[in-house]
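Chemist: Structure incoming, see below.
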Amino acid sequence: MRTEVVIIGAGPAGLLLGQLLHKHGIDNVILERQTGEYVLGRVRAGVIEQVTIDLLDEAGVGARMHEDGLVHEGVQICVDGVRHRISFAELTGKAVMVYGQTEITKDLMDGRAAAGAPTIYAAYDVHLHGIFGDKPHVTFRADGKTQEIACDFVAGCDGFHGVCRKSVPAHAITAHERVYPLGWLGILSDTPPVSDELIYVHHPLGFALCSMRSPTRSRYYLQCSLAEDVDSWPDDRFWEELRPRLDDKARARLVTGPSIEKSIAPLRSFVAEPMRFGRLYLAGDAAHIVPPTGAKGLNLAASDVRYLSQALVEHYAEKSDAGLDHYSERALNRVWKAERFSWWMTTMLHRISENPFDQKIQLAELDYLFRSKAAATVFAENYVGLPY
Ligand code: APR
Ligand code: PHB
């Protein structure tokens, strides 16, 4: 088999790249280790920047998002029971869209199926060959037999645990990492959200987040220790831990109900540099991870894909490799700014340190954020997404 671009991974990064390349007549095959149902079963953050909305529209998969997505013109931050609002509309003239990543993945899968572009699910033992030469190929096992695809380029969109980053010789790659001593325990429930906008909660008991998927489906998170076992969190215990962290109004509006999903995610900041190795280009979680505070994971994957798809279009249509040569530098420039914002939000809002000095600094930082228009603008322009 031969194609122009082999994409490893059918998460949002791989599917979006495939869709954009297909639109420009660039042949691509996606290899995914899991089944499509498994990929759709994963629950992740759901706040979409305007630039990501634009890219999904460009890929032709934005229709359902515009119908069902919720436009949020601000976000709320609750500090020790007192709520403050940061208005994106006033400070930046922009907004974000609240629309679940699972739905985006489904829209992208449907778009790909409609386009008739090939995705091979349950593709095992993916190996990359010859990425530093000019004729790379990829081998894998599917339907019980070993198969091979020759290509011009490989896009490594296979997430943090994928094979692509690990295929690169250790001396060629540098990893920067910050592991936080905490996780997020998340719950999804068919109950109305406590507020029309997201509420990020700073509280002595620990961080909480009140988010949503729709006017009838809520997503809540609690800061938890990494040693925590999700099985020791029956729903009642979750609601009991959430309640005291909320302000009076949110507490009064809290409707509890059975969870339809519950999971724990560790918090990590990670960047691998560079993002290009010969004819292998990494994009999304394969190259970088942000802690979920600020919901930048999907948006960063989309911005990598934007740079990479444009570079590949330039290569095929204009015979120019300028975009490919600058891909890593361009993508990392935006990645590091989102890393900084996610790290900052994480350290400002969680109970991380037991040192009273650190706790006072957190409160001073939050107070400054609420009193200074300049500080609020910095927050807002990062939250809605920095320009490309
Ligand atoms: N071979 C083939 N596919 C693989 C392999 C492999 N060896 N390893 C991993 N994959 C697949 C995974 O099963 C997954 O479906 O690659 C896909 C990677 O998808 P994500 O982890 O979602 O990563 P990405 O597309 O970069 O998403 C970026 O979306 O999922 C979120 O947390 C993520 O917010 C981030 C954003
Ligand atoms: C979510 O809705 O899952 C969500 C929202 C905002 C975040 C993280 C997660 O910062």
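The values are calculated or read from the model by the stated rules, or taken from the named source; none is laboratory data. Values in this document were obtained by computation on a predicted structure and should not be read as measured data. FYI the Cβ positions are ideal-geometry reconstructions off the backbone, even for glycines, and counts take in every protein chain you see. To get the accessible areas, we keep the full protein, side chains included, count just its heavy atoms, and leave off ligands, DNA and RNA. Shrake-Rupley method; radii C 1.70, N 1.55, O 1.52, S 1.80 Å.
Chemist: Calculate the dipole size of region 306-388 relative to its Cα centre from +1 charges on Lys and Arg beta carbons and -1 charges on Asp and Glu beta carbons; express the result in debye to the nearest 20.
Modeler: The calculated dipole for region 306-388 is roughly 280 debye.
Chemist: With label points built 7 Å along Cα→Cβ from the Cα atoms of Met1 and Ala170, find their separation and express it in nm.
Modeler: According to this spin-label approximation, the distance is 3.3 nm.
Chemist: Follow-up question, since we're still on this one. Please give the charge dipole size of region 1-87, origin at the Cα centre, charges +1 on K and R Cβ atoms and -1 on D and E Cβ atoms. Round to the nearest 20 debye.
Modeler: The dipole of region 1-87 has a size of about 260 debye.
Chemist: On a 0 to 90° scale, report how tilted helix 297-318 is relative to the longest principal axis of the chain, with both axes built from alpha carbons and the result rounded to the nearest 10.
Modeler: Its long axis makes an angle of about 30 degrees.
Chemist: Right, next: Which semi-axes, in whole Å and largest first, does the equivalent ellipsoid of the chain have when worked out from the alpha carbon gyration tensor as the square roots of 5 times its eigenvalues?
Modeler: Semi-axes from the Cα gyration tensor: 37, 22, 20 Å.
Chemist: Where in region 174-193 does the label zone of Ser225 land, with the point 7 angstrom along Cα→C-beta and an amide N cut-off under 20 Å?
Modeler: Under cut-off, by backbone N: 179-186.
Chemist: What does the accessible area of His127 come to, in Å² to the nearest 10, when a probe of 1.4 Å is used?
Modeler: For His127, solvent-accessible area is about 100 Å².
Chemist: How tilted is helix 101-115 with respect to the longest principal axis of the chain? Cα atoms for both, answer in degrees (0 to 90, nearest 10).
Modeler: It is inclined by approximately 30 degrees.
Chemist: Another one. Please work out the Cα center distance from region 233-297 to region 141-191, rounded to the nearest Å.
Modeler: Value for the Cα centre distance between the two parts: 18 Å.
Chemist: Just to check I understand the Karplus step: with θ = phi - 60° and J = 6.51 cos²θ - 1.76 cosθ + 1.60, what whole-Hz values come out for region 149-165, glycine and proline as x?
Modeler: My calculation for region 149-165 gives 10, 8, 7, 8, 9, 10, 9, x, 10, 9, x, 4, 9, x, 8, 5, 4 Hz in order.
Chemist: OK, next. Considering only Val163, Val255, Val29, give the residue with the highest GNM mean-square fluctuation for the chain, with springs between Cα atoms whenever their separation is below 10 Å.
Modeler: Val255
Chemist: Give the peptides 263-269, 153-159, 338-344, 138-144 in descending order of average Cβ contacts within 10 Å, highest first.
Modeler: Listed from highest to lowest mean packing, they are 153-159, 338-344, 263-269, 138-144.
Chemist: Something else: Step through the residues of region 239-252 one at a time and calculate ³J(HN,Hα) from phi using the Karplus curve (6.51 cos²θ - 1.76 cosθ + 1.60, θ = phi - 60°), rounding each to whole Hz and writing x for Gly and Pro.
Modeler: So the J values, rounded to whole Hz, are 5, 5, 6, 6, 3, x, 7, 7, 7, 4, 5, 5, 4, 5.
Chemist: In degrees between 0 and 90, to the nearest 10, how far off the longest principal axis of the chain does helix 356-371 point, with axes built from Cα atoms?
Modeler: Rounded to the nearest ten degrees, it is 90.
Chemist: Using label points projected 7 Å from each Cα along Cα→Cβ, tell me how many nm separate Arg85 and Asp27, to one decimal.
Modeler: Once both label points are built, they end up 5.5 nm from each other.
Chemist: Quick check: with the 1.4 Å probe, what order do Phe132, Phe88 take by accessible area, largest first?
Modeler: Per-residue accessible area, sorted high to low, gives Phe132, Phe88.
Chemist: Ignoring everything except DSSP H segments at least 4 long, calculate the 222 nm mean residue ellipticity for the chain; use -39,500 (n - 2.57) per segment, divide by total residues, nearest 500.
Modeler: -11500 deg cm²/dmol
Chemist: Do the alpha carbons of any pairs in Lys94/Lys296; Lys106/Lys145; Lys23/Lys337; Lys23/Lys94; Lys106/Lys296 sit beyond 25 Å of each other, and which pairs?
Modeler: Table pairs above 25 Å Cα-Cα are Lys106/Lys145; Lys23/Lys337; Lys23/Lys94.
Chemist: Also, I was wondering about something else. How much length is gained on full extension from Ala115 to Asp358, taking 0.36 nm per residue of separation minus their Cα-Cα distance?
Modeler: Length gained between Ala115 and Asp358: 82.2 nm.
Chemist: So with the 1.4 Å probe, I'd like the accessible area per residue for the chain, rounded to whole Å².
Modeler: Heavy-atom accessible area per residue stands at 42 Å².
Chemist: Using a Gaussian network model of the chain with C-alpha springs under 10 Å, which one of Asn28, Asn299, Asn355 is most mobile by mean-square fluctuation?
Modeler: For the chain, modelled as a Gaussian network with Cα springs under 10 Å, the answer is Asn355.
Chemist: Take the solvent-accessible surface of the protein heavy atoms, probe 1.4 Å, and return the percent of it on the chain that carbon and sulfur atoms account for.
Modeler: Using a 1.4 Å probe with all protein chains present, the chain comes out at 52 percent carbon and sulfur.
Chemist: Which distance in Å, rounded to a whole number, links the C-alpha centroids of region 44-76 and region 5-31?
Modeler: The two parts, judged by their Cα centres, are 20 Å apart.
Chemist: Just read off the accessible area of Asp248 with the full protein assembly in place, 1.4 Å probe, to the nearest 10 Å².
Modeler: 110
Chemist: In debye, nearest 20: dipole of the chain around its Cα centre with unit charges on the Cβ of K, R (+) and D, E (-)?
Modeler: 360
Chemist: What residue among Leu21, Leu91, Leu209 has the largest mean-square fluctuation in a Gaussian network model of the chain, using Cα springs under 10 Å?
Modeler: Sorting by GNM fluctuation, first place goes to Leu91.
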